[in-house]
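Every read-out reported here was derived from the displayed coordinates using simple, explicitly stated rules and does not represent laboratory data. For clarity, every value in this text was computed on a predicted model and none was experimentally measured. Every residue, glycine among them, receives a Cβ derived from its backbone with ideal geometry; neighbour counts consider all protein chains shown.
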Amino acid sequence: MHLVGVVMRFENLILEKRASVAVITLHRPSVLNALNGALLSELAEAAEDVAADEAIRVVLLTGAGPKAFAAGADISELAGLDQAAGEAYARRGQALFRRIETLGKPVIAVIQGFALGGGCELAMACTLRVASEAARLGQPEVKLGVIAGFGGTQRLARLVGRGAAMKILLTGAIVPAAEALRIGLVDEVVAAEALMTRAEALAAEIAANAPIALRQTLAAVDGGLDLTLEQGLALEAGLFGECCATADKAEGTLAFLGKRAAVWRGC
């Protein structure tokens with residue numbers, strides 16, 4: 001049962017539910033919220049919790065403290081990986097980030113400070129990215145003798161284009177917020193003191209819409225990215241038809257015609 005204002009504290013993160021919005025805060029501030037195995041496990045658990053909670057319509061994902069969203073993988077864990085363990089490690093992170101990407105609910109990365117390596121990859125797996133003016137993003141894995149392994153080589157090129165992605169991945173350079181906005185790596189940049197307020201307002205704006213329509217929009221865009229235009233249009237038409245069979249579609253159209261706010265049932 002969903003409870004307004006409930007807070008669930010894990011060892012490495014905090015999950016808070018505020019009516020229709022969930023806030024997941026990565027909470028390892030002493031190491032800039034580095035993504036170790038324990039944190040990844042807890043993030044997977046939190047993701048499944050909010051996915052199953054029908055009252056939650058939007059998720060905000062952020063990091064504790066002003067210095068970092070997530071500064072990357074835990075280097076002490078990375079140092080001990082051989083080839084087999086490295087591939088397993090990458091596949092684990094990829095599966096989790098893909099789950100976040102396909103949660104069925106919009107996930108907004110709220111980026112303050114550093115989002116590097118796995119932290120940048122996690123942000124890219126989110127639906128939208130809102131960053132503070134102090135945010136810094138990048139994929140510096142080549143400086144450690146490895147490549148981005150949690151989806152960075154794939155999502156970055158899809159977000160910013162091949163050339164811009166190659167420059168970031170091959171140099172390992174850190175990208176300031178303004179440049180990240182220019183190339184499309186983030187969607188908005190705001191003053192640091194306004195970051196969470198803006199993210200909450202965006203979440204509320206999204207959450208006010210029909211939950212099934214939100215889910216089907218996510219499915220249409222995500223599912224259509226690797227299809228031909230004709231295949232993508234067919235996918236869109238099928239999902240549109242499914243929406244037309246819902247009580248929410250009937251409510252939405254009646255509310256519009258009646259000049260009143262819709263009351264969504266999620267069915």
Quiz item: Put a dot 7 Å past each Cα toward the Cβ at Leu229 and Glu188; how far apart are the dots in nm?
Solution: 3.1 nm
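Note the full-extension length gain between Ala237 and Glu48 as 0.36 nm times their separation in residues minus their Cα-Cα distance, in nm to one decimal.
Net length gain for the segment: 65.2 nm.
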Practice problem: Note the angle between two axes, namely the Cα long axis of helix 195-207 and the longest principal axis of the Cα atoms of the chain, as a number of degrees from 0 to 90, rounded to the nearest 10. | Solution: 40 degrees
Quiz item: If you take every DSSP beta bridge whose two residues both sit in the chain, what share of them, in percent to the nearest 5, is antiparallel?
Solution: 35 percent
Practice problem: Enter the mean projected area of the convex hull around the alpha-carbon atoms of the chain, in nm², rounded to one decimal. | Solution: 15.3 nm²
Exercise. Can you tell me the 0 to 90 degree angle between the C-alpha axis of helix 37-52 and the longest principal axis of the chain, rounded to 10?
Key: 0 degrees
Quiz item: In whole Å, what is the distance between the alpha-carbon centres of the stretch 16-38 and the stretch 175-192?
Solution: 22 Å
Self-check item: For the stretch 211-261 and the stretch 41-60, distance of Cα centres in Å
Solution: 22 Å
Self-check item: Nitroxide proxy distance, nm - points 7 Å out along Cα→Cβ at Glu205 and Arg18
Solution: 1.6 nm
Exercise. Indicate the gyration tensor shape class of the stretch 108-267 (rounded, prolate or oblate), computed on the Cα atoms with a ≥ b ≥ c the square roots of the eigenvalues: a/c under 1.5 is rounded; otherwise a/b larger than b/c is prolate and the rest oblate.
Key: oblate
Quiz item: Where does helix 211-224 land angle-wise versus the long Cα axis of the chain, in degrees 0 to 90, nearest 10?
Solution: 50 degrees
Exercise. Would you mind computing, in nm to one decimal, how far apart the modelled labels at Glu101 and Lys249 are, each placed 7 Å from Cα along Cα→Cβ?
Key: 2.8 nm
Practice problem: Please work out the FRET efficiency for the pair Asp82 and Val142, using the Cβ-Cβ distance as r and a Förster radius of 22 Å; give the result to the nearest 0.05. | Solution: 0.70
Quiz item: Normalized C-alpha radius of gyration of the stretch 211-257, against 2.2 N^0.38 Å?
Solution: 1.26
Quiz prompt | Reciprocal of mean inverse Cα separation for the stretch 189-236 (Kirkwood radius, Å) | solution = 12.8 Å
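Give the relative contact order (percent, whole number) for the chain; include only Cα pairs under 8 Å separated by 6+ residues. Kindly include the intermediate steps, with their values, before the conclusion.
Details: 485 pairs, mean separation 38.5, N = 267.
Dividing the mean separation by the residue count of the chain yields 14 percent.
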Practice problem: Answer rounded, prolate or oblate for the stretch 20-85, using the Cα gyration tensor with square roots of eigenvalues a ≥ b ≥ c: rounded when a/c is under 1.5, else prolate when a/b is larger than b/c, else oblate. | Solution: oblate
Self-check item: Sequence-distant residues sharing a close amide H with Phe150 (under 5 Å, placed H)
Solution: none
Quiz item: Where does each of Thr246, Thr228, Thr102, Thr62 land when they are ranked from fewest to most other beta-carbon atoms within 10 angstrom?
Solution: Thr228, Thr102, Thr246, Thr62
Quiz item: What shape does the stretch 107-158 have by the C-alpha gyration tensor, where a ≥ b ≥ c are the square roots of the eigenvalues, rounded means a/c under 1.5, and otherwise prolate means a/b greater than b/c and oblate the rest?
Solution: oblate
Quiz item: Do you know the Lys pair count in the chain for C-alpha distances under 19 Å, with sequence separation 8 or more or different chains?
Solution: 4
Quiz item: Could you put Ile100, Ile206 in order, starting from the residue whose Cβ has the fewest other Cβ atoms within 10 Å?
Solution: Ile206, Ile100
